[in-house]
Every structure is written in structure tokens, then in C-alpha cells.
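Novice: This structure is in C-alpha cells; I'll ask about it shortly.
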Amino acid sequence: MKKVITYGTFDLIHRGHINILRRAKDFGDYLIVALSTDEFTAGKGKQTYYTYEERKQILEAIKYVDEVIPETCWEQKIDDVVRNQVSVFVIGEDWRGRFDFLAPYCKVVYLPRTEGISTTQIKTELGALASAKKKRRGQA
Ligand code: C2G
């Protein structure tokens, strides 16, 4: 069994996430997603909409995902790769070069991001929608 691993926050799942999960799975036949815990995400300066448990439940419902494990720190990747006998590490090219230290342990792949979509963009646009609605109510 050829195992693949990827890491991320995966908040407010969108087509960019689905694209990288599908393409990561194509490198093997078992995909592990190391999902950033709420604490680790806060350390990345991000505030998630969904909790770790909610984000885990959503990921586990995606057909490309075989297993979800917690990402609690930056230093766990080599251990994750070795312990799970992972063949391929996949992540978006916004991280290009950052994880080359994994090369002695597994293939390291940086994939193009999906343009035009991000969790930040979704939050911003939903916020604008909510404000516009509130304003209309105030004028009604
Ligand atoms: N992604 C993508 N296209 C987008 C948005 C995200 O391909 N439009 C990819 C990212 O490149 C990443 C994955 O989706 O590979 C998850 O993205 P995030 O949830 O933003 O994760 P990130 O904050 O990059 O965390 O240790 C690594 C970190 O945990 C990665």
C-alpha cells in the first residue's frame, strides 16, 4: 500500500482543498491528512470557523481521505512519515521548499494552488453579505 500524507487547516472546505486532496490521493492509494489542531492553527495566526473535531468530521466524509491525524507542531513531519511508512508528502506550492528536509524519507511534491478561492476570501465575502443584509434591514 502506497501511503501519501498532506497537512493543513482545511477550514470551510472548498474546491481548492478538494483539488489538492484528489491530486494527493493520485500519488498513492492511501491518503493521510494531518489536520492542524485548534491550538496549532492559532499558532499559525489563523482563527478557524470550525473546530478541529468539526473539520475532522468533514474531511473524513471526503472520498479521497483515508485517515485524519492531528497536526500539533511543525516538528512532527519526519516522525509522521517514518512511523506511517509514507511514500509521498504532498502540499501546495505556497510552501515550496519549506519541507525539502523530508526528501531523505519520502518523495516531496509541491502542487499548484487552485486560483480564485481561499478560506479567507470566503470569510470576507460572507462578512460583506451579512453587512449588506443588516444594512437593508435597517433601511426597510
Ligand atoms: N490549497 C490549494 N488551493 C487553495 C487553497 C489551499 O491548493 N486555493 C491547499 C494549500 O496549498 C494546502 C492545503 O490546501 O496544501 C490546505 O490549505 P490550508 O488549510 O490553508 O493549510 P495551511 O495553512 O497551508 O497549513 O504544516 C503545514 C501547514 O499545516 C499547512
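Novice: On a C-alpha basis, how far is the centre of region 1-50 from the centre of region 55-78 in Å? Whole number, if you could?
Specialist: If we compute the Cα centre of each part, the gap is 6 Å.
Novice: Let me ask something additional. Out of residues 5 or more away from Val108 or on other chains, whose amide H comes under 5 Å of its own, with H placed 1.01 Å from N in the peptide plane?
Specialist: Residues meeting the amide H criterion: Phe89.
Novice: Which value, to two decimals, describes the C-alpha radius of gyration of the chain once divided by 2.2 N^0.38 Å?
Specialist: Numbers: Rg = 16.9 Å, N = 140, 2.2 N^0.38 = 14.4 Å.
In units of the 2.2 N^0.38 Å rule of thumb, it is 1.18.
Novice: Here's another thing I want to ask about it. If you line up the long axis of helix 119-139 against the longest principal axis of the chain, both from Cα atoms, how many degrees apart are they, to the nearest 10?
Specialist: Once rounded, one gets 10 degrees.
Novice: Given H placed on each backbone N at 1.01 Å, which residues far from Val68 in sequence or on other chains put an amide H within less than 5 Å of it?
Specialist: Val33
Novice: Go through Arg23, Arg55, Arg98, Arg137 and list them by solvent-accessible area, largest first, probe radius 1.4 Å. If you can, show how the numbers build up before the last one.
Specialist: Numbers: Arg23 85, Arg55 0, Arg98 130, Arg137 165 Å².
Ranking Arg23, Arg55, Arg98, Arg137 by accessible area, largest first, yields Arg137, Arg98, Arg23, Arg55.
Novice: How high is the relative contact order of region 27-105, given as a whole-number percent (alpha carbon pairs under 8 Å, six or more residues apart)?
Specialist: Numbers: 61 pairs, mean separation 26.8, N = 79.
Relative contact order of region 27-105: 34 percent.
Novice: Using only Cα atoms, tell me the angle between helix 15-25 and the longest principal axis of the chain; keep it within 0 to 90° and round to the nearest 10.
Specialist: 10
Novice: Where does each of Trp95, Trp74 land when they are ordered by accessible area, with a 1.4 Å probe and the largest first? Intermediate values should be presented prior to the final figure.
Specialist: Values: Trp95 65, Trp74 95 Å².
Final ranking, largest accessible area leading: Trp74, Trp95.
Novice: Pull up all non-local amide H partners of Tyr7: gap of 5 or more, or a different chain, and H-to-H distance under 5 Å with H placed in the peptide plane.
Specialist: Hits under the 5 Å cutoff: Ala34.
Novice: Taking loop as defined by DSSP and a crowding limit of 14 other beta carbons within 10 Å, which GluC sites (Glu not before Pro) in region 92-131 fit?
Specialist: On the way: sites: Glu93, Glu115, Glu125; in loops: Glu115.
Here the GluC sites (Glu not before Pro) that fit, given the DSSP loop and packing criteria, are Glu115.
Novice: Related question: Sorted from largest down, give the three principal axis spans of the alpha carbons of region 1-84, whole angstrom values.
Specialist: Each principal axis gives a Cα extent; for region 1-84 these are 35, 28, 18 Å.
Novice: Could you tell me which of rounded, prolate or oblate describes region 61-116, using a ≥ b ≥ c as the square roots of the eigenvalues of the alpha-carbon gyration tensor, with rounded for a/c under 1.5 and, failing that, prolate when a/b is larger than b/c and oblate otherwise? The partial results should precede the final answer.
Specialist: Details: a/c = 1.64, a/b = 1.11, b/c = 1.48.
Note, shape of region 61-116 comes out oblate.
Novice: Got a number for carbon plus sulfur as a percent of region 21-104's accessible area, 1.4 Å probe?
Specialist: On the way: 2230 of 4620 Å².
Whole-percent figure for carbon plus sulfur exposure: 48.
Novice: What figure, in Å² to the nearest 10, do you get for the accessible area of Lys25 with a 1.4 Å probe and non-protein molecules left out?
Specialist: Rounded to the nearest 10, the figure is 40 Å².
Novice: Can you put Ile69, Ile32 in order of accessible area, largest first, using a 1.4 Å probe?
Specialist: Values: Ile69 25, Ile32 0 Å².
Reading off the accessible areas and sorting them downward yields Ile69, Ile32.
The values are calculated or read from the model by the stated rules, or taken from the named source; none is laboratory data. A quick note: this is a predicted structure, and the numbers were derived from the prediction, not measured. Methodologically, a virtual Cβ is constructed for each residue, glycine included, from the backbone with ideal geometry; neighbour enumeration extends over all protein chains shown. Note: areas computed on protein heavy atoms with side chains; ligands, DNA, RNA excluded. Shrake-Rupley method; radii C 1.70, N 1.55, O 1.52, S 1.80 Å.
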